[in-house]
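Just below is one structure, and these are the notes that go with it.
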Amino acid sequence: MHKIYCLNAGQRAFGFRRLAALPCEADTDDNQGTLDFEGVLLLLQDDMTKVTKDHCLEIINKFDPCSQNQKQGVLGIDGFTNYMRSPAGDVFRPEHYEVNQDMGRPLCHYFIASSHNTYLMGDQLMSQSRVDMYTWVLQAGCRCVEVDCWDGQDGEPIVHHGYTLTSKILFKDVIETINKNAFVKNDYPVILSIENHCSVPQQKKMAEYLSEILGDKLDLSNVKAHESGHLPSPESLRGKILVKDGEPIVHHGYTLTSKILFKDVIETINKNAFVKNEMHIVLLRAWLSRDSSQARPAVFCRADYECIHEFVLSPSAYEALFNLKREQLPGLSCPSRTTAASRSRRRWQSYLSEILGDKLDLSNVKAHESGHLPSPESLRGKILFK
């Protein structure tokens, strides 16, 4: 004799989810513990819409093995169990096996299935690095994979977790695997999150492999917000592979100070540099090391400041700084988030050139023939980069 949960008239109004919370026992030997089509209807309506009587009877006839239950239009314990164990009883909506949402919105409007340390089979200290992992995650639906790149032997960049005992694989093999498997199950864009620790010669080798192996799949359009102010959509990037690049930032390295965009800082400097004083400004010690953890501070100061301290200022503080005169003011610490990637270098260099324009002095200031540096008077309205 089996004991099961059943729905009485009052409990049916709560639907199946309330069944577990409000159980009552029924004896199956007395033909109790069954759901008629109305009970099945209420059960399905808890999670589904537009459920009809015919659909309920179809479930009873399909899943209940008892012919008597089928004739009476009721669902017994065996039929209920069969239904709950079948794909039809899955909480996952079948229509979601296919793309059913608007994919024409900006890329930043979507959650993107991403993988961290994609190449590792296990922990990030001692496990194996395998190119097969890229095959697995891409065919599982992942659209953003990580590639940690380091200098390898014989001029060949490698992929592994730096400063650990994880094994090493060739960058070239990784890109070939991505090229082969990127769009096997899904043709929406794949994003390569490249953590670049390579020297410039091996970066060039990486660029060569990306271009030669990926070919037309590699999107080199420098994806930015369109004229409408929005990023391109997943629909417009079908079959494309993007390389993700970080924005240079300003903050005090090795600390918990907050971060601001380098671009915002330069725009603020450009706007306020000569509001109250035309004396030239020097951007000092802007270091960009190969490892972002080794980045050194850049100090921004005006020539007539008497004292420089390392401290962090927000963009609004920059504005206040340049509207004051001849006071002891803090310098600004600006390590870059990016690594030695020449692409990242070009980005902050382009910000300096594009935003500051003619104010940026690129004349490579040196001692004149007289043996002296140019005077502040001759450099009025100029911003120098030391």
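The values are calculated or read from the model by the stated rules, or taken from the named source; none is laboratory data. Nothing here was measured: the structure is a model prediction, and the numbers come from that model. Positions of Cβ are generated from backbone atoms using ideal geometry, with glycine treated the same way; all protein chains shown enter the neighbour counts. Heavy atoms of the whole protein, side chains included, go into the accessibility calculation; ligands, DNA and RNA do not. Shrake-Rupley method; radii C 1.70, N 1.55, O 1.52, S 1.80 Å.
What to note about this one:
- 1.4 Å probe accessible area per residue over the stretch 161-205, in Å²: 47
- Sorted on the mean count of surrounding Cβ atoms within 10 Å across their residues, most packed first, peptides 98-104, 173-179 read 173-179, 98-104.
- In the context of the full set of protein chains, residues of the stretch 60-149 present 63 Å² of accessible surface per residue (probe radius 1.4 Å, heavy atoms only).
- Residues with amide H under 5 Å from that of ASN117, placed H, sequence gap 5 or more: GLU146
- Cα-centred dipole magnitude for the stretch 71-171, charges only on beta-carbon of K, R (+1) and D, E (-1), debye, nearest 20: 480
- The apolar share of the surface of the stretch 94-215, taken as the fraction of accessible area on carbon and sulfur atoms (1.4 Å probe, ligands and nucleic acids excluded), comes to 54 percent.
- Here the spin labels are modelled as points 7 Å beyond Cα on the Cα-Cβ line, and at LYS217 and ASN61 they lie 4.8 nm apart.
- If only the Cβ of Lys and Arg carry +1 and only the Cβ of Asp and Glu carry -1, the dipole of the stretch 146-281 around its Cα centre is close to 260 debye.
- About the Cα centre, charge dipole magnitude for the stretch 111-161 (Lys/Arg +1, Asp/Glu -1 at Cβ), debye: 300
- Over 26 Å (Cα to Cα) - which of LYS263/LYS382; LYS217/LYS259; LYS205/LYS240; LYS168/LYS204 fall in this group: LYS217/LYS259
- Hypothetical label at ALA140: residues of the stretch 171-198 whose amide nitrogen lies under 14 Å (7 Å Cα-Cβ projection): none
- Highest mean first, the peptides 107-120, 268-281 sorted by other C-beta atoms within 10 Å per residue fall in the order 268-281, 107-120.
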